[in-house]
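These notes are about the structure you will find just below.
The values are calculated or read from the model by the stated rules, or taken from the named source; none is laboratory data. Computed from a prediction, not measured in an experiment: that's the story for all the values here. Glycine gets a Cβ as well: all are built from the backbone with ideal geometry, and neighbour counts include every protein chain shown. Please note that ligands, DNA and RNA were not included when accessible areas were found on the heavy atoms of the full protein model with its side chains. Shrake-Rupley method; radii C 1.70, N 1.55, O 1.52, S 1.80 Å.
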Amino acid sequence: DLRETCDGKTYGEVATNLLFRDEFVKINQRRWADKLLYDTQAVSIERIYDMDNLVGKLYRGTVAYDEFAAVVSSHPVLTRRFDTPEDRADALFFTFMGRPLLEHERADLGRLYNLWSNGYYDHPDLQMRLPDAHIRYRCIDDDGNPDPETRAQCASVLWGYNELILKPDVRVQVATDGDTMWSGVLTSDEWEKLQLPGRILARERAFWEALVDDTLRQYLGYDLGALVPTVRDELVDYVLTYDGDIRSLHFAIATSVPYLQSAYGETQTSHRWTFGPSKQVDAEAWLDTIKHATGYQLATCDHRLTRPRDFLDNASIASFALIDRSDWKYNDDGEIRMDYADLARSLGGCPDNSVGGRFKIISILTTAQQLNTASNVCLDDEDGAHITKLLPRGIEPKDKLDAAMGLEIFKHNAELFFAREITDDESTMAREAADAARCVTGDGRCPASHFARRTCFALLSSAEMLFY
């Protein structure tokens, strides 16, 4: 894969090739699932799939970032996820401006969310009652026109005077606490009006600066934009030159000196930006690498369907079809396999977003979980990785180990997990470790399988595997 992707190509050609892959889109769809806290108990699964498709359009370059923010600002994935107008405003601002609202900002922007309320609707195919956003008509008089006495309750004034009022019609359902309407029957013109909060934010340069800072952290693992503001300014101008196409920003960062240089500084310096990327790997990336490299049997999870079992309890044909076409897998008994999700959630991945979302932490518990997983994969002769995956061609599991063979085994595993050649120091350590290995056999020499499995364990649990 490295030879096919990289050999004979410039950094720009490699980056362009990767940016046009489905994997690039899917990884960023998962990132937005984390940001927006997809939770099928709080938001309709239809709305989650709709937002996931929108994120896909953003990272395929068919929707500009400011247009995307406008849609998100009125999307039920956000408006139904939170309970009060102020909470909705705060979630939007934090997502796109990179900081929480100040109290006066929170009260002001929250007035543009006064129309939203939380409710439910009956899905005809899934045969389930799903949560969704509704419109509660406010700031109008008995004739449905803006009420001079209350219209200020539906207007923001901090970013210019912006008023958001909708007029009810025959679609309205009379409720005990006022007229309401399911958001599923809103017209395109009404949706456009409701996108006002996102359009307000997109007019601010800080909106684009927050995008740059977030993307720099995604690639580098540290706040280069805050450390060197001129870098942030240049990248803001760059993405605006390309009309808000988010791929241009990813291309610029992925081909930049800070991203391409080593994570280890060659000279003594206190400047963090003279080093390359250094960040903790996502749980899914670690587990997927293990699966692909060793063939270890694990299922997967789906960032859109955080609670798949809820849909199977309903037992409708549409529910089974929904699960079947997702990334969730069944076991032989027809139950959803949770081995991957349970393991990932213990490490902060595959979040169900009921309260919090993804987390990354270095602790005794997570380290123990990582070591236990590496042990199960590498050291378990029966259920772990097949030994042929861990041995280079020409070496059999029962071959007697010597220093030269140990070096070949270590080279093979380093290429398997790290996709790189080993260093001189690693070569020396591999030879010495293989030469010193002793097993309870006739002559005390270990089989090649013994060294291969322990090499696998050492690499899977190493800092290079967990940070990059």
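Taking every protein chain into account, the 1.4 Å probe leaves E209 with about 50 Å² of accessible area, to the nearest ten.
For segment 99-178, the fraction of 1.4 Å probe accessible surface lying on carbon and sulfur atoms is 48 percent. Excluding same-chain neighbours fewer than eight residues apart, the lysines reachable from K398 by a Cα-Cα span under 29 Å are K291, K389, K411. Each residue of segment 230-277 gets 66 Å³ once the volume of the Cα convex hull is shared out per residue. Comparing Y38, F68, N17 along the charge dipole axis of segment 9-75, the residue lying farthest to the positive side is N17, per the Cβ-charge model. The slack in the chain from R272 to E13, taken as 0.36 nm per residue of separation less the alpha-carbon distance, amounts to 90.5 nm.
Peptides 104-117, 51-64 ranked from most to least packed by the mean count of surrounding Cβ atoms within 10 Å: 104-117, 51-64. Modelled spin labels at A458 and R203, positioned 7 Å past Cα toward Cβ, are 6.2 nm from each other. Counting only protein heavy atoms and using a 1.4 Å probe, the accessible area of C139 comes to about 10 Å². Relative contact order, whole percent, for segment 1-129 stands at 17, derived from Cα pairs under 8 Å and 6 or more residues apart.
Distances longer than 21 Å among the Cα atoms of segment 130-275: what percent of all pairs is that? The share of Cα pairs beyond 21 Å in segment 130-275 comes to 61 percent.
Computed with a 1.4 Å probe over protein heavy atoms only, the accessible surface of segment 304-463 comes to 56 Å² per residue.
What is the percent of Cα-Cα separations in segment 269-339 that go past 15 Å? That tail contains 65 percent of the Cα-Cα pairs. Hull volume per residue, based on the alpha-carbon atoms of the chain and their convex hull, is 183 Å³.
Residue order by solvent-accessible surface for Y264, Y330, Y49, Y121 is Y264, Y330, Y49, Y121, largest first, with ligands and nucleic acids left out and a 1.4 Å probe. Each Cα pair under 8 Å and six or more residues apart adds its separation to the average, and for segment 334-447 the resulting relative contact order is 17 percent.
Only aspartates and glutamates eight or more places from K279 in sequence, or on another chain, were considered; those with a Cα closer than 12 Å are D223, E464.
Reducing segment 399-446 and segment 18-54 to their Cα centroids gives an inter-centroid distance of 43 Å. Can you give the log10 of the normalised intensity I(q)/I(0) at q = 0.34 Å⁻¹, computed with Debye over equal Cα scatterers of segment 269-308? Debye output, listed in q order: -1.09. Tell me the carbon and sulfur percent of the accessible area for segment 318-453, rounded to whole percent, probe radius 1.4 Å. Percent of accessible area from carbon and sulfur atoms in segment 318-453: 50.
Using the alpha-carbon positions of segment 356-462, Rg (one decimal) and Dmax (whole number) come out as 15.1, 56 Å. So how strong a dipole does segment 124-255 carry about its Cα centre when Lys and Arg Cβ are +1 and Asp and Glu Cβ are -1, to the nearest 20 debye? Here segment 124-255 has a charge dipole of around 280 debye. Here R129 and T423 are evaluated by their C-beta separation; at R0 = 41 Å the FRET efficiency comes out at 0.10. Averaging Cα coordinates gives a centre for segment 205-261 and one for segment 85-126; these two points are 27 Å apart. Just the accessible area per residue of segment 1-118, please: how many Å² with a 1.4 Å probe? Ligands and nucleic acids excluded, the figure is 44 Å² per residue. The helix-based estimate of mean residue ellipticity at 222 nm for the chain, built from -39,500 (n - 2.57) per DSSP H run of four or more residues and divided by its residue count, is -14500 deg cm²/dmol to the nearest 500. Annotation: W182 carries an accessible surface of approximately 80 Å², with a 1.4 Å probe and no ligand, DNA or RNA atoms counted. The lysines whose alpha-carbon is closer than 28 Å to the alpha-carbon of K193, local same-chain residues fewer than 8 away aside, are K35, K57, K167.
For the chain, the relative contact order is 13 percent, taking Cα pairs closer than 8 Å that sit 6 or more residues apart in sequence and dividing their mean separation by the residue count. A straight chain from E415 to D380 at 0.36 nm per residue would run longer than the Cα-Cα distance by 10.4 nm. Per atom type, segment 1-63 shows carbon and sulfur on 50% of its accessible surface, probed at 1.4 Å.
Remark on segment 268-425: hydrodynamic radius 18.8 angstrom, per the Kirkwood mean of 1/r across alpha carbon pairs. The residues of segment 215-262 have, on average, 45 Å² of accessible surface per residue, using a 1.4 Å probe with all protein chains present.
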